[in-house]
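Encoded as structure tokens, the structure appears first; notes follow it.
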Amino acid sequence: MRIRSAIPAETLLAASPMPLTGKNLPAFRRSLLHWYDQNRRDLPWRRSRDPYRIWLSEIMLQQTRVAAVLDHYRIFLERFPNVQSLAAASEDAVLAAWSGLGYYRRARMLHQCARELAQKHAGRFPQRAEDLQNLPGIGRYTAAAVASIAFAEPIAVVDGNVERVVQRFLGGHRTTPQIWQHAQALLARSRPGDFNQAMMELGATVCVPGEPRCLVCPIRRWCVTQPSRQAEAAQSQEDAARPRPAKRHPRFVRRRRTSGVCSTSAMAESASCNGERRPHSCPACGNCRNHPSLHVGCPGRAVAHVSPFHHRYRLHSARASECGVNQCRSCRQK
Ligand code: SF4
């Protein structure tokens, strides 16, 4: 099935901050293709337009990282350099060459497809995505990738990377069929294979999952998401430059905590400077009655000596003596 966009590009792209119209769509495509020409990774399957090599790379790259594929791709091609050699091999030999890549169903389908190509197509690939999809193991994405890269059919591809780029570029949430339509509307028909690879490369290296690298993105001028990211970055810079309130001194915190744990505010309030109204038990734990080392001083001067046995803290007030608190029987200090 040939994919055609039912929605005009002007409507699809109206959400962009600098709306993409038929007028500036060429600038968008030029910008992306120029970036791709300058920055694309040198991968072995990009050095060829041979549909067999492109098809093989697309199957190997399914759910597998580029780095893991490189060696296997080279070894597999040395063993099976074309459709005919792959079709003539036994399944065991194909599986052995595939060893280490996992998902062995891909290898079996690859083998089946090669046999069908050899038997029904004289070892040659159909040139249209629509026909490629009839072969075993070739779905919509792989068919579009092979047709656009090897045969320059103007048809867009959508993988996880392209989907992420389009979602961010246009903003909002779009369904997968809508993403395919948007990708088709964006496609540069003069270089469909390179454009598709540029979109995938952008998603793999710039518009990455998590934090995209918008500052080096070649299509940021038209991206809906990018201005809000700039605003976020500006806001965080502003926040970083703003003076922060001074941290409280830890000693201050400990005093408050000590008061809370042992004396509690109710207990402190009941104390007085001259010691006439000393409480005899801690309202927090109730275990301090008659405890010899419990003294509570003036609440306004940050209290007194507290037993280390019940309360874990012992805080000596420098001004305990001013408050009229007697000598601490635990540590013998005032
Ligand atoms: S500007 Fe940022 S969010 Fe937009 S497509 Fe580029 S990398 Fe992705």
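A few remarks follow.
- Accessible-area value, TYR103, 1.4 Å probe, nucleic acids and ligands omitted, Å²: 130 Å²
- Length gained on full extension, ALA67 to LEU95, computed as 0.36 nm times the residue gap minus the Cα-Cα distance: 8.1 nm.
- Spacing of the two label points (7 Å from each Cα toward its C-beta) at GLN178 and ARG105, in nm: 3.0 nm
- Computed from phi, the 3J(HN,Hα) profile of region 79-90 under the Karplus parametrisation 6.51, -1.76, 1.60 (θ = phi - 60°) reads 6, 10, x, 7, 4, 4, 5, 5, 5, 7, 6, 7 Hz, with x in place of Gly and Pro.
- A Förster radius of 30 Å, combined with the Cβ-Cβ distance separating ILE75 from ARG128, puts the computed FRET efficiency at roughly 0.45.
- Projecting the Cα positions of LEU43, VAL66, SER31 onto the charge dipole of region 24-73 (unit charges on Cβ atoms of Lys, Arg, Asp and Glu, taken about the Cα centre) puts SER31 furthest along the positive direction.
The values are calculated or read from the model by the stated rules, or taken from the named source; none is laboratory data. Quantities reported herein were computed from a predicted structural model and do not represent experimental measurements. So basically every Cβ, Gly included, is an ideal-geometry build from the backbone, and we count neighbours across all protein chains shown. Note: accessible area is taken over every heavy atom of the protein model, side chains too, but ligands, DNA and RNA are not part of it. Shrake-Rupley method; radii C 1.70, N 1.55, O 1.52, S 1.80 Å.
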